[in-house]
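Colleague: Before anything else, here's the structure in question.
The values are calculated or read from the model by the stated rules, or taken from the named source; none is laboratory data. Keep in mind the model is a prediction, meaning the values are calculated, not measured. When we count neighbours, we look across all protein chains shown, and the Cβ atoms used for this are built from the backbone with ideal geometry, even at glycine. The area values use the complete protein model at the heavy-atom level, side chains included, leaving out ligands, DNA and RNA. Shrake-Rupley method; radii C 1.70, N 1.55, O 1.52, S 1.80 Å.
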Amino acid sequence: MTTYEAVVFDHDGVLVELTEMDLLRRAARAAFEDHGVADPPDALVEHAARGELDDLARIEDDLDLPLADYWASREARAIAHQTDAVADGAKPLYDDVTALADLPHRKAVVSNNQHDTVRFVVDHYGLGDHFEHVAGRDPTVEGARRRKPETHYLDAALDELGTRDAVYVGDSPKDVEVAHRAGVDSAFLRRSHRADTVLDREPTYEVETLTTLAERLTD
Ligand SMILES: [Mg+2]
């Protein structure tokens, strides 16, 4: 039996369904409009939607638009679009999130999504009582550069919880990687959208549902 003091969860693809790429493209375009760019090149919209900062930095030369200024708008638009989607039922909770109640561990959320988006989701679905610590990225270029597999936000959560006796639960290869870098165990949640995902690092656990994970962590 393996016990942990804490279980830390990823957000998108674990607690709630993924955000549609088209929503993020619309947010990126709206942010360009905020800066007077009515018809941005598709490639830049794609870089902005995907958060590819190094490629997006071309806007400084090509559009004379400071990256930090554009990114602040992009994040504000992404938060607004996503919270609207949640409120409209377009970003539903996974049914097996009920398994959180079966985990006596201390719990936290660490996400690459914006903090305000994650906080809205946790509050909207009434999950707040489960978690001691909820963290998404700061809506800045610096915040984006600290996304997983960088350990910044996971380290902060573990410091807040006061333990490294923990497992990080995520649905992406970067989640397994960030757990490794932070020195904690990992659980890869292979939901249907990850059926073909190949991991480059072996997770401590691989499960298809949070229900199975809860069984593995409590039996
Ligand atoms: Mg995820």
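Colleague: Gain in length, E132 to L67, computed as 0.36 nm per residue apart minus the alpha-carbon separation, to one decimal in nm?
Modeller: Answer, rounded to one decimal: 20.0 nm.
Colleague: If you don't mind, another one. Ignoring any ligand, DNA or RNA, what whole percent of the accessible area of the stretch 21-87 comes from carbon and sulfur when the probe is 1.4 angstrom?
Modeller: 44
Colleague: Relative contact order (percent) for the stretch 21-87, with alpha-carbon contacts under 8 angstrom and 6 or more residues of separation?
Modeller: 43
Colleague: Let me ask another. Report the residues of the stretch 81-103 in range of a label on H124: point 7 Å along Cα→C-beta, backbone N strictly under 16 Å from it.
Modeller: 81-95
Colleague: Another question, then. What Kirkwood Rh does the chain have if only Cα atoms enter the pairwise 1/r average? Answer in Å.
Modeller: Evaluated over the chain, this radius sits at 18.0 Å.
Colleague: In terms of the Cα gyration tensor, with a ≥ b ≥ c the square roots of its eigenvalues, is the stretch 138-219 rounded because a/c is under 1.5, prolate because a/b exceeds b/c, or oblate?
Modeller: Oblate, since a/c reaches 1.5 and b/c is not below a/b.
Colleague: Still on this structure, I have one more. For the stretch 110-208, with all protein chains present and a 1.4 Å probe, just round the carbon and sulfur fraction of the accessible area to a whole percent.
Modeller: Here it works out to 41 percent.
Colleague: Under a 10 Å cutoff between Cα atoms, tell me which one of G162, G128, G13 has the largest fluctuation in the Gaussian network model of the chain.
Modeller: Judging by the Gaussian network model, the answer is G162.
Colleague: If you don't mind, there's one more thing I want to ask. Where does the chain land at 222 nm, in deg cm²/dmol rounded to the nearest 500, when only DSSP H runs of n ≥ 4 count, each adding -39500 (n - 2.57), divided by all residues?
Modeller: -12500 deg cm²/dmol
Colleague: Note the angle between two axes, namely the Cα long axis of helix 152-161 and the longest principal axis of the Cα atoms of the chain, as a number of degrees from 0 to 90, rounded to the nearest 10.
Modeller: Tilt of helix 152-161: around 40 degrees.
Colleague: May I pose another question? Can you tell me the mean projection area, over all orientations, of the convex hull of the stretch 69-157's alpha carbons? Units nm², please.
Modeller: Reported value for the Cα convex hull: 6.1 nm².
Colleague: For helix 173-182, report the angle its Cα long axis makes with the longest principal axis of the Cα atoms of the chain; keep it between 0 and 90° and round to the nearest 10°.
Modeller: The angle comes out at about 70 degrees.
Colleague: Let me ask you something else. Out of all Cα-Cα pairs in the stretch 21-87, roughly what percent, to the nearest whole number, are more than 20 Å apart?
Modeller: 17
Colleague: So which residue, out of A27, A144, A101, gets the largest mean-square fluctuation from a GNM of the chain using Cα contacts under 10 Å as springs?
Modeller: For the chain, modelled as a Gaussian network with Cα springs under 10 Å, the answer is A101.
Colleague: Using a cut-off of 10 Å between beta-carbons, work out the net charge of the residues near A214 (Lys and Arg +1, Asp and Glu -1, A214 not included).
Modeller: -3
Colleague: Remind me, relative contact order of the chain in percent, using alpha carbon pairs under 8 angstrom and six or more residues apart?
Modeller: Contact order relative to length: 25 percent.
Colleague: Using a 1.4 angstrom probe, figure out how much accessible area the stretch 21-87 has per residue, in square angstrom, rounded to the nearest whole.
Modeller: Here the residues of the stretch 21-87 average 48 Å² of exposed surface.
Colleague: Separation between the D102 and E52 pseudo-spin-labels, each 7 Å from Cα along Cα→Cβ, expressed in nm?
Modeller: For the pair D102/E52, the computed spacing is 4.1 nm.
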